[in-house]
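Since every read-out is calculated from the coordinates, none of them should be taken as a lab result. Bear in mind the structure is a predicted one, so any value in this text is a computation, not a measurement. Neighbour counts are summed over all protein chains in view; Cβ atoms, including those assigned to glycine, are modelled from backbone coordinates with ideal geometry.
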Amino acid sequence: MEVPENGKSASLRHAFGNVFCFFILLLIGVLAFSIRLFSVIKYESVIHEFDPYFNYRVTQYLTKKGIYEFWNWFDDRTWYPLGRVIGGTVYPGLTLTAGSIWRLLNSLNIPLSVETVCVFTAPIFSAIAAWATYLLTKEVKGTGAGLTAAALLAMVPSYISRSVAGSYDNEAVAIFALIFTFYLYVKTLNTGSLFYATLNALSYFYMVCSWGGYTFIINLIPMHVLLCIVTGRYSPRLYIAYAPLVVLGTLLASLVPVVGFNAVMTSEHFASFLVFIIIHVVAFVYYIKGLLSPKMFKVAVALVVSVGMVVCCAVVAVLVALVASSPTKGWSGRSLSLLDPTYASKYIPIIASVSEHQPPTWPSYFMDINVLAFLVPAGIIACFLPLSDASSFVVLYIVTSVYFSGVMVRLMLVLAPAACIMSGIALSEAFDVLTRSVKFQLPGVSGNSQSGAGDTTSRTVDTQSDMVKTEKEPPTDRTEDTTKERTSKKKKKKEKEHVEKPSLKSQIQKRLLVLPLEASVIALLLLVLLGGVYVIHCVWAAAEAYSAPSIVLTSHSHDGLHVFDDFREAYAWLRHNTEVDDKVASWWDYGYQTTAMANRTVIVDNNTWNNTHIATVGTAMSSPEKAAWEIFNSLDVKYVLVVFGGLVGYPSDDINKFLWMVRIGGGVFPHIKEPDYLRDGQYRIDSQATPTMLNCLMYKLAYYRFVETDGKGFDRVRRTEIGKKHFKLTHFEEVFTTHHWMMRIYKLKPPKNRIRGKAKKSKSSSKGSTAASLKQSGRRKRNPWH
Amino acid sequence: MAKLWIFVTLVSLLPFLGSSFSSENPTDRRILVLLDDFAIKSSHSIFFKSLQTRGFELDFKLADDPKLSLQRYGQYLYDGLILFSPTIERFGGSVDLAAVLDFVDSGHDLIVAADASASDLIRDIATECGVEFDEDPAAMVIDHTSYAVSKTEGDHTLIASDGFIQSDVILGSKIIEVPVLFQGVGHTLNPTNNLVLKVLAASPSAYSVNPKSKLSTPPSLTGSAISLVSVVQARNNARILISGSLALFSNQLFRSGVEKAGSSTKFEKSGNEQFVTELSKWVFHERGHLKAVNVRHNKVGETGEPAIYRINDDLEYSVEIYEWSGTSWVPYIADDVQVQFYMMSPYVLKTLSTDQKGRYFTSFKVPDVYGVFQFKVEYQRLGYTSLSLSKQIPVRPFKHNEYERFITTAFPYYGSSFSMMAGFFIFTITYLYNK
């Protein structure tokens, strides 16, 4: 123990440091929370985007009806007429969290609305996530790195993009759960405490409740365990960190309805079971090794290995047979597209059609993690000096998450905490080295080099003692715990040896690692500058790039700020002007919003669970009017809603998404063929467009009467004049178009009351077509089908 | 939730704009009769009289009356329209082709009588309703085998036809034994049009041609494809009668005797009066008008209507169907009313049993599929108004506590888990205290 050596002053400094650290953490929390409030200040306190609306609706239901009703909720207002079993298909973590917060506040007589709670859930949890990052990094590299990492995470743009106030999505709580699970795993690994192992399983359970990304944890941790075993770092601590997690975690995970038997049936989880078997074999080998003499051990190894091989082969054969019998090899499409980035675009257009499932571009790395991208390599190097179980885990974490983020832009979110931890480590190590050099060489300091050296020693001792402390704390807890005393004592001794050896070495090393004064001062300045750049970028990203709620759009032009509130205008129109049981068809992107904001039944929504149903809507949109009418009528659809950005230049409208509708529709109904909609492989809507394109429902609904706006029909998104300008709708009638034409609502016409004769029609059209007769029967002539 | 399932569509019975034409009292009351000239009023007086005695208010107007109007302040002034003005080229006042068709599309009834000299306007109205008159404006139906024997030999345009439609609903339960006299243009129907019915068909030997000109080309309309009188029941159950002959309704043909060529029997009085009267009863909704009320469903053993069913529930469904007799609603009795339990396709299709008092009922088990279902009754029978009822009802899966708690087949698993617990307990005790 080194602490008593330094005596009172050190412990006082320690106490001071702890208080200081506490306040820093508090400020980091405040920072994390407040940087996410730009969206509320600049826009309003409103739920953002698409999925959050569904979560909000579910939370409303939960707070109104209670948890059992929520669990058993069969929603008959989406996926008409199939309905959706919400309780069994939703990750309930976020909803339950926000519902509990709301209930707690209400029981404290703080009457907040559910919406307010939902809006602010994400900022609150990002503050907690920052603290969890502190804990994790502290376990890896000490307090300094922890605080730096927490500060970085509090404002990393990637995370901000998913957790601004109003962005009420699973990721908001899941990132906290992810980091916290990793913290508890590393903590267990460092202490070997069953208490933390149990907590770890519970935290994993919370993660499973919150987000489908839990498979990342259940694959990363086994990978790390395997790494430890392979590199000969197996220890009972590793066993305690891993085995309870698999057993308890799998049991708990299968309690979540949406996971259920998937926890043992799908390939995503197999790695953990395989490693579970391996770690037992290894533990058994170590146990035998302790029991037997070396000679006997060799014999035993031969025996065990041969038997083990046979068993392994049998198990692997069974697994392979099981896996091979399923068409997707037991993997879900999203996971498969992680392993093989081209998989989705080849086979599952519905996954590929989501922009956040696309691979990211290089600028998006700079946008989302900014300078961290450059600090990460330094952090990785720092992790190898010295390489501990914990730091090897973090290295593995960053390596895998870099790969995954390269596959799917959405998984940038998983990369962000890893990058923050790495950069935190790098920055704090760099500051450590530089400030030490400065301190060492400052001429003004009395007792100059010697005391400086002493100081350095005490500082290193500080960090060491920190580490020792973390390892010491649990044992002191456990002295009360008589049953486990034996094992922990053994461990403690081992650890002390393990820690003291490198500390002595590093003292010597560090004395040699002193840099010149000027260089270190300049380096310090540059580092501060780098941090400043990062902060400026983060604040800019939070304020400008990521706080737009996407249901309200703004644009700056020379004559001031324009607000486009068309989405809510259209949903409000639906809510007030249609029957409560009317069905509204739209592309699935707008399903959640329609159910939540307009309270109308939709055919498909953002929970893309039934590809055929979505393909039906896609087919209808890509069919000519009459065929589309028949499809929609068979689904009891009353209204069709399209999003059109051509007038104001809103690029993510239905015309731009249309090729995906064709692809998804054509995947199920082969009479829809993508080449029919392309002219020489080019997607165009101008006069060169194919007749199929110009006659499909989507084109007609988007551009109906569009020519009346400017006389030419100039589409500002596609930057071209539209191909077919003057046409009439025969089976649909326009009932509402919002102020900026961003949303257009059409009603299906009822079938004609009478069926008119045939012969006369040709006669009258040949003979007549006088203006008078056209005017007379104008209303009927729009619908001359039988 | 409660609102979700209240969704009854009584498309067939919805009144539109008429005030006295209501679902409670579907027979028309006020009828506008448009005439070419007032002579028709007296020459067709028997027909008009029979309507008046049945309680209709007839409003006779000249077809080119400049004050003619079907509606005022958005309300229709009449429930039915009789066009006995085959030659009219333009109606007076605000009435035109579109107005007449709107009148029909808002659920009102129409009788159109054309003639050999029918104007384009009358032809257009007929065409809009799915009836195509012979395009030759001078053509008449000629039949050299089933013509009515008359004084002027060689004139075979007066046809004695007995090609009636086989429907008690349209022509009444009393069989029309005497042939109907017809003199006028023929028309054809589009065979794919399922709204229009041939009530009086020409015989196979009939053809349609201008009788005054020489037959140079084969006639375009021949045989039993020619329809003499047709009815249309629109999707909103408005009924339209289209006749190629105005004389069909005239006193002259009502009273004249019939002797069909080649037949020895000679009838004192033609079948026209019975035919036209029965047909007008059908057109003005005195017959064949159904309504469905009191659609109910509930779980077996309960009375209240649930907001949602669970899969495999047993349920009871009932509906009451009545027919309008002209004065009151009487129970409709049939054995072919079916209900569908429908979600994209019928999962259950059952024939309803009846208690002979208008109530139809059945019970069945909800299929083992959850989703938003509909109780659908689609009842379309010849001559009757179409009934199309649908009532939405969601079906949910089992709740978490509705599954069986203990399954017999799982007893080995229960046994193994409990023995495992016991074994672990014993092992722990032995391990801890056996040293």
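Before moving on, here are some points about what is shown:
- Computed about the Cα centre, the dipole magnitude for the protein assembly as shown is approximately 2880 debye when only Lys and Arg (+1) and Asp and Glu (-1) carry charge, each at its Cβ.
- Inter-chain shielding of A:168-179 (mean C-beta neighbours from other protein chains, 10 Å cut-off): 0
- Highest to lowest packing among A:386-392, A:129-135, scored as the average C-beta count within 10 Å: A:129-135, A:386-392
- Overall shape of the range A:258-317 was characterised from the C-alpha gyration tensor. The equivalent ellipsoid obtained from it has semi-axes of 31, 13, 6 Å, in decreasing order.
- Translational diffusion of the range A:601-645 was estimated from the Stokes-Einstein equation, with Rh taken as the Kirkwood radius over Cα pairs; at 20 °C and 1.002 mPa s the coefficient is 192 µm²/s.
- Paired Rg and Dmax values of the range B:233-339, which use every Cα atom, in angstrom: 23.2, 70
- Protection proxy ranking, highest mean first, for peptides A:706-716, B:333-343, A:636-646: A:636-646, B:333-343, A:706-716, where packing is the per-residue count of other beta-carbon atoms within 10 Å, averaged.
- Each peptide in A:693-704, A:573-584 receives the mean, over its residues, of other Cβ atoms within 10 Å, and ordering these scores from highest gives A:693-704, A:573-584.
- With the convex hull drawn over the C-alpha atoms of the range A:630-696, the volume per residue is 112 Å³.
- Long pairs among B:281/B:391; A:141/A:298; A:747/B:376; A:64/A:747, criterion Cα-Cα beyond 29 Å: B:281/B:391; A:141/A:298; A:64/A:747
- For the range B:366-435, the fraction of alpha-carbon pairs in successive 10 Å shells from zero, as %: 14, 19, 16, 15, 12, 10, 7, 5, 2, 1
- Mean ellipticity per residue at 222 nm, deg cm²/dmol - from DSSP H runs of n ≥ 4 across the protein assembly as shown, formula -39500 (n - 2.57): -15000 deg cm²/dmol
- Shown here are the Rg and Dmax of the Cα trace of the range A:175-230, at 10.9, 32 Å.
- Its Cα gyration tensor gives the range A:549-661 an equivalent ellipsoid. The semi-axes, each the square root of 5 times an eigenvalue, are 26, 17, 13 Å from largest down.
- With 26 Å as the limit on Cα-Cα distance, the pairs of A:42/A:65; A:583/A:700; A:752/B:365; A:728/B:291; A:583/A:657 that go past it are A:42/A:65; A:752/B:365; A:728/B:291.
- For chain B, the Cα-based Rg and Dmax, in that order, read 31.4, 134 Å.
- 10 Å Cβ neighbours from other chains, averaged over peptide A:578-585: 2
- Length-normalised contact order of chain B in % [C-alpha pairs under 8 Å, at least 6 apart]: 15
- About the centre of its Cα atoms, the range B:205-281 shows a dipole size close to 140 debye [charges on the beta carbon of Lys, Arg (+1) and Asp, Glu (-1) only; nearest 20 debye].
- Whichever aspartates and glutamates have a C-alpha closer than 20 Å to that of residue A:138, once near sequence neighbours (fewer than 8 apart) are set aside: A:2, A:389, A:429, A:432, A:462, A:466, A:471, A:473, A:477, A:495, A:500
- Dipole axis of chain B (+1 Lys, Arg; -1 Asp, Glu on Cβ), positive-most option in B:422, B:379, B:325: B:422
- Against the compact-protein benchmark of 2.2 N^0.38 Å, the Cα-based radius of gyration of the protein assembly as shown scales to 1.28.
- Pairs of Cα atoms farther than 12 Å apart, the range A:517-561, %: 73
- In terms of overall dimensions, the C-alpha atoms belonging to the range A:42-81 reach 38, 25, 11 Å along their principal axes, ordered largest to smallest.
- Note on A:72-83: average number of Cβ atoms from other chains within 10 Å of each residue's Cβ is 6.
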